[in-house]
1. Below 8 Å, C-alpha to C-alpha, sequence gap of six or more: please give me the relative contact order for the chain in percent.
2. Quickly rank 40-53, 113-126 as a protection proxy: mean count of other C-beta atoms within 10 Å, highest first.
3. With a/c under 1.5 counting as rounded, go ahead and sort the stretch 81-129 into rounded, prolate or oblate using the C-alpha gyration tensor (a ≥ b ≥ c being the square roots of the eigenvalues; past the cut-off, prolate if a/b is larger than b/c, else oblate).
4. Scan around Asn34 for amide H atoms under 5 Å from its own, H built in the peptide plane at 1.01 Å from N, and keep only partners 5 or more places away or cross-chain.
5. Out of Tyr62, Tyr18, Tyr147, any idea which swings most in a Gaussian network model of the chain, alpha carbons joined below 10 Å?
6. Give a residue-ordered list of calculated ³J(HN,Hα) values for the stretch 178-185 (Karplus: 6.51 cos²θ - 1.76 cosθ + 1.60, θ = phi - 60°; whole Hz; x for Gly, Pro).
7. Could you tell me whether the stretch 104-182 comes out rounded, prolate or oblate from its Cα gyration tensor? Rule is a ≥ b ≥ c as square roots of the eigenvalues, rounded for a/c under 1.5, then prolate if a/b exceeds b/c, otherwise oblate.
8. What percent do you get for the relative contact order of the stretch 110-171 when only Cα pairs under 8 Å and 6+ apart count?
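The values are calculated or read from the model by the stated rules, or taken from the named source; none is laboratory data. The structure presented is a predicted model; accordingly, all values stated were derived computationally and were not measured. Note: ideal-geometry Cβ built from the backbone for every residue, glycine included; neighbour counts use all protein chains shown. Only protein heavy atoms, including side chains, enter the accessible area calculation; ligands, DNA and RNA are left aside. Shrake-Rupley method; radii C 1.70, N 1.55, O 1.52, S 1.80 Å.
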Amino acid sequence: LFNGTISDCVSYADVYGYGFVGGIVGQKGQSMGNYDITNCAFLGTVTATGRYAGGIAGGGYYAGSAPNTPGAVIQNCYVSGAITGTDCVGGIFGGEPSQLQAWNWSLIQDNTFYGTVTSTLENAAGVGGIIGSMASLNRNNIIENNYYAEGCGADKGIGNVLYLDTSYENPAHPEGCTVFDSSTGNLPEPWGISQLDKNRTDDPLGTDADKL
């Protein structure tokens with residue numbers, strides 16, 4: 001478990017574990033602490049026998065009691081390794097398991113993935129070239145200017161999202177994703193989604209997916 005800042009690191013290691021396995025760092029520890037990784041490179045392998053595996057970071061804070069935990073900051077990182085897990089497998093980041101509504105900004109920006117992502121679970125939804133799985137996306141989840149190579153094993157940048165808050169007219173609505181607009185005052189049931197006007201204005205799982 002980690003809280004803090006990691007920068008300017010390079011690893012060629014072969015990393016093994018159960019869940020929340022990352023090439024540079026594993027899982028975020030304390031719910032309100034920072035979890036920032038910048039200017040790092042990973043050129044080894046990550047092998048998780050469970051969920052949440054990422055080339056840079058395994059995954060964010062995991063507890064049902066912290067639905068508004070600050071998200072990860074991962075900037076200007078490079079991965080060319082092989083990343084394997086059962087589900088929630090991302091070339092850069094395994095994902096955020098508990099953040100149902102981001103109250104503060106998080107940033108996944110300017111990262112590059114040239115490796116491979118593989119799920120050992122048949123038909124796993126959470127496999128992405130950049131991020132495996134996000135509990136939610138709203139305007140405070142800033143995900144931009146990331147690149148993953150064609151043929152990496154993922155056909156989209158973010159594998160799956162459980163809750164999408166956007167005011168975009170007729171946004172993409174993938175299976176298993178609850179889409180809503182917090183600016184209207186109509187919020188879904190989970191108690192952690194409680195603040196209004198956190199909506200995005202784009203279509204991050206459809207028309208605008210390539211911009212992420």
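1. It comes to 15 percent, rounded to a whole number.
2. Highest mean packing first, the order is 40-53, 113-126.
3. oblate
4. Gly4
5. Tyr18
6. For the stretch 178-185, the Karplus curve yields 8, 9, 8, 10, 5, 6, 8, x Hz.
7. oblate
8. Over the stretch 110-171, the number comes to 44 percent.
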